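Visitor: Quick one: structure below, then a few questions.
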Amino acid sequence: VQAQAPGDIGSRLIRFVPSTETQSVHAELHGPQAGIDQVRDWIENSVIPLDLDRSWMHGEHQVDLASQLNKLPRMVANGVTITRCEPAEVRVSVDQIVEREVEVKTRPEDATGLASPPVYTPARVRMQAPEADLLAAENAGQLAAYANLKQVTPQLSDPGKREIRVSLSPPASMNTATVNFQPGTVTAHVEVPNFQRTATLDFITVFAAYP
């Protein structure tokens, strides 16, 4: 069985600990053979969302997998119960979704080839993300919205100044799927230099040539 945590439920995020999208579970089925035949392929080839208590407060909670899976309507309709799961329990964390104003920044590797650091409008945006992830990124000095300049590389091939609309990404340590930005894009004011150069030589040596 592939079990799935509920994920984003409005102002909170429920996910497995450690953080994974799904949890593999070995389950033993009991019931009439016809019922087991009905549910076996479905339960082996589906990702089953767990219907957890949405009133749970912030923190970690233990989930009894057999009791959760036995609530599934298809299991009940076919008279099938799960008698044992391995693992028997999983841990989930409940985290508040909070909002923070952050600066729009450029990754150092994305600024290569530009005449100067890009300027963004707006310079700051609102980031919505799980509180624990925000605090971890903040403590690591990485909390920012990063402009995705790599996605507009073709527009940075010719010299000159230009304005480009770019999307945003969270720090690499954060899961993109759990982060939202408001606004979701910003305008990057960039200048691509002209790499042609002129140089003045103090002197050159000239030799006379004879036929």
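The values are calculated or read from the model by the stated rules, or taken from the named source; none is laboratory data. These figures come from a predicted structure and were not determined experimentally. Backbone-built Cβ (ideal geometry, glycine too); neighbour counts: all protein chains shown. We work out accessible area using only protein heavy atoms, side chains counted, and drop any ligands, DNA or RNA first. Shrake-Rupley method; radii C 1.70, N 1.55, O 1.52, S 1.80 Å.
Visitor: Identify all residues within the stretch 129-166 that are assigned to a strand (DSSP E or B) and loosely packed, with under 15 Cβ neighbours inside 10 Å; write none if there are none.
Guide: Gly160, Lys161, Arg162, Glu163, Arg165
Visitor: A follow-up question, please. Quick test for you: out of Glu86, Glu103, pick the one residue that is touching a Lys or Arg at 6+ places or on another chain (Cβ under 9 Å) and surrounded by fewer than 16 Cβ atoms within 10 Å (Cβ to Cβ). Spell out how you get there, then give the answer.
Guide: Values: Glu86 fails: touching a Lys or Arg at 6+ places or on another chain (Cβ under 9 Å).
Just a single option satisfies the conditions, and that option is Glu103.
Visitor: Shifting gears a bit: If Asp95 passes every condition in (1) modelled with pLDDT of 90 or more; (2) open to solvent by less than 50 Å² (accessible area, probe 1.4 Å); (3) under 25 Å from the mean Cα position of the chain (by Cα) but one, which one does it miss?
Guide: Failed condition: (1).
Visitor: Something else: I'd like the full set of residues that are in a strand (DSSP E or B) and open to solvent by less than 70 Å² (accessible area, probe 1.4 Å), limited to the stretch 167-186.
Guide: Ser167, Leu168, Ser169, Phe181, Thr185, Val186, listed by residue number.
Visitor: Another question, if that's okay. Being at pLDDT 85 or above, open to solvent by less than 40 Å² (accessible area, probe 1.4 Å) and touching a strand residue (DSSP E or B) at 6+ places or on another chain (Cβ under 6 Å) narrows it down to one of Val1, Val39, Val80, so name that one.
Guide: Val80 is the lone residue from the list that is at pLDDT 85 or above, open to solvent by less than 40 Å² (accessible area, probe 1.4 Å) and touching a strand residue (DSSP E or B) at 6+ places or on another chain (Cβ under 6 Å).
Visitor: Give me the residue from the stretch 20-36 that is surrounded by fewer than 16 Cβ atoms within 10 Å (Cβ to Cβ) and at pLDDT below 80 and, out of that set, farthest from Thr176 (Cα to Cα).
Guide: Among them, the one singled out is Thr22.
Visitor: Residues Ala177, Ala172: which one is at pLDDT below 85 and under 14 Å from the mean Cα position of the chain (by Cα)?
Guide: Of Ala177, Ala172, the one residue that is at pLDDT below 85 and under 14 Å from the mean Cα position of the chain (by Cα) is Ala177.
Visitor: Then there is this: Go through the stretch 112-125 and give me each residue that's surrounded by 14 or more Cβ atoms within 10 Å (Cβ to Cβ) and not in a loop (DSSP other than H, G, I, E, B).
Guide: Once the filter is applied, which keeps residues that are surrounded by 14 or more Cβ atoms within 10 Å (Cβ to Cβ) and not in a loop (DSSP other than H, G, I, E, B), the stretch 112-125 yields Val119, Tyr120, Val125.
Visitor: Using beta carbons and a limit of 6 Å, which pairs, at least six apart or on different chains, have the first residue in the stretch 127-145 and closer than 9 Å to Glu99 by Cα and the second one in a loop (DSSP other than H, G, I, E, B)?
Guide: Note: pairs meeting the criteria are Ala129/Val179.
Visitor: Does Glu109 satisfy being surrounded by fewer than 14 Cβ atoms within 10 Å (Cβ to Cβ) and more than 25 Å from the chain's Cα centre (by Cα)?
Guide: Criteria not met by Glu109.
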